[in-house]
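The structure appears right after this line, and notes come after that.
Bear in mind that the values in this text are calculations on the coordinates, not laboratory data. Predicted, not measured: the structure shown is a model, and the values here were computed from it. Neighbour counts run over all protein chains shown; Cβ positions are idealised from the backbone, glycine included.
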Amino acid sequence: MATPPFDAFQYAHARRRQIVWMSQNTNHLVPAQMVREAVEEALRERRYEGYPYAPGDPELLDLVRADLGLPALTPFLTGGGTESLYMITRALLAPGDEVIASDPSYLIIHRFVELSGAHTRNLDIYAPPFRLTADRVQAAIGPHTKMILLIDPLNPLGSGYPRAEVRAIAEIAKDHHLLLLNDVTYRDFSYEPTLAAEFAPEQTVTVWSASKNCGMAGLRIGGFSATPERVNAIARYNTNDLGVNILSQVAATAALRSKPHWIGEVVRQTRANGERIAATAATVEGVTVPVHPSWANMTILDVSATGLSPEAIQEEMLKTHGVFVRAGNYLSPTHGSKFVRVSFSNSPGDLDKFATAFPETVHRLRTHAPTPPAA
Ligand SMILES: Cc1ncc(COP(=O)(O)O)c(C=O)c1O
């Protein structure tokens, strides 16, 4: 019987306390106290015994409006941004529709597009400026184009959109009556956080998440914001009809209430870590950092010139050093075999481990790599 392929997630979760999690753009820098206290109180009050107020806690919805700076648009809570992305694509796309998107990208969204019978037109962005441009979006519009997918900043590259480019893309959406799906999951790490809804409120659906900025990926809470009519159209596909997990709502409320006090330090440490990763990569022959500085809390390390596979690097770093980075294949059909993605909203101690693990891994794999067969 063939050996099953190595399951990095199963391996890492089974050892979760020893693992340095640099694999899923999670955030390990947010002070834990306010979330812990709020959730402990909710547990003491046994709030889990009842259903939540189905439309979502009004204070939380107000905090979301204020945090996004979109007071006129309606926020809708879901179990993470992922659920929003599924609902939006399902509700707004029909068979034959085309969505202008990129490669690399957060491909889970592309899969949701396909479930609606629509398809993505992936513009190759693995070259400067490593993001879409208004000119390329404009040129890609065809008779079946229905939506533009604007992930800003972009997972996995860490590239972000200057304000003028967001505006230009939003204007294209307006001029051509296209929908604009603006995924702003990593917005708080951006050097120029700009919401397309500011320029095209009617066309834009903004997807946000508490997973990365508030460091609560495991609690699964996020949502989308749009005009009330659009929210109603999308909400028809809500399966979480009885409301989003009450403990997640309590935690997100506590986090958003206190966010102005801690987000600055989280971003400062994240950026310092990004510098450290680039400095480490610079010591390893054959490794480049295509996008630096990152506008998010992740970066990719292009390892193609080392001759090593990203999967081999992922496995060796995890098994030998307990440092979990991610091979690029699930993020790009064309370029995924060239890079590993490293996320870095982590403690300085985690960064120390990375700084040892990565060069040692590349060195070890190079010296032990089997010689390629002669041509
Ligand atoms: C661009 C992007 N959108 C959405 C998500 C999913 O976020 P959530 O945890 O809120 O479901 C991710 C997670 O990595 C992401 O990178």
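Quick look at the numbers
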quantity: Residues of type aspartates and glutamates that Lys146 reaches as a straight line, Cα spacing below 12 Å, ignoring anything fewer than 8 places off in the same chain; calculated: Asp97, Glu98
quantity: Relative exposure of Val20, Val99, judged by other C-beta atoms within 10 Å (fewest first); calculated: Val20, Val99
quantity: Gain on full stretching of the segment that runs from Asp7 to Ala32 - 0.36 nm per residue minus C-alpha separation; calculated: 6.0 nm
quantity: Net lengthening on full extension, Gln18/Arg257 (0.36 nm per residue, minus Cα-Cα); calculated: 82.9 nm
quantity: Proxy reagent accessibility, fewest Cβ within 10 Å first, across His119, His110; calculated: His119, His110
quantity: Tail beyond 19 Å, pair distance distribution of region 211-294 (Cα, percent); calculated: 61
quantity: Computed lengthening from Glu45 to Arg65, 0.36 nm per intervening residue step minus Cα-Cα distance; calculated: 4.5 nm
quantity: D (Stokes-Einstein, µm²/s), Kirkwood Cα radius, the chain, 0.692 mPa s at 37 °C; calculated: 152
quantity: Tyr237 paired with Thr320, simple spin-label distance in nm, labels 7 Å along Cα-to-beta-carbon; calculated: 4.5
quantity: ³J(HN,Hα), Karplus 6.51/-1.76/1.60, whole Hz, each residue of region 260-273, x for Gly, Pro; calculated: x, 7, 10, 5, x, 5, 4, 5, 4, 5, 4, 5, 4, 5
quantity: Exposure proxy ranking, count of Cβ atoms within 10 Å, fewest first, for Met147, Met34; calculated: Met34, Met147
quantity: Centroid-to-centroid separation of region 44-112 and region 6-22 [C-alpha atoms, Å]; calculated: 28
quantity: Distance from region 176-233 to region 332-359 (C-alpha centre basis), Å; calculated: 26
quantity: Trypsin sites (Lys or Arg not before Pro), loop per DSSP, at most 14 other Cβ atoms within 10 Å - longest free stretch of the chain; calculated: 47-235
quantity: Inter-site label distance for Arg121 and Glu202 at 7 Å from Cα along Cβ, in nm; calculated: 2.3
quantity: Mean residue ellipticity (222 nm) of the chain, computed from DSSP H runs ≥ 4 via -39,500 (n - 2.57), nearest 500; calculated: -12500 deg cm²/dmol
quantity: In region 284-350, GluC sites (Glu not before Pro) in a DSSP loop with at most 14 other beta-carbon atoms within 10 Å; calculated: Glu285
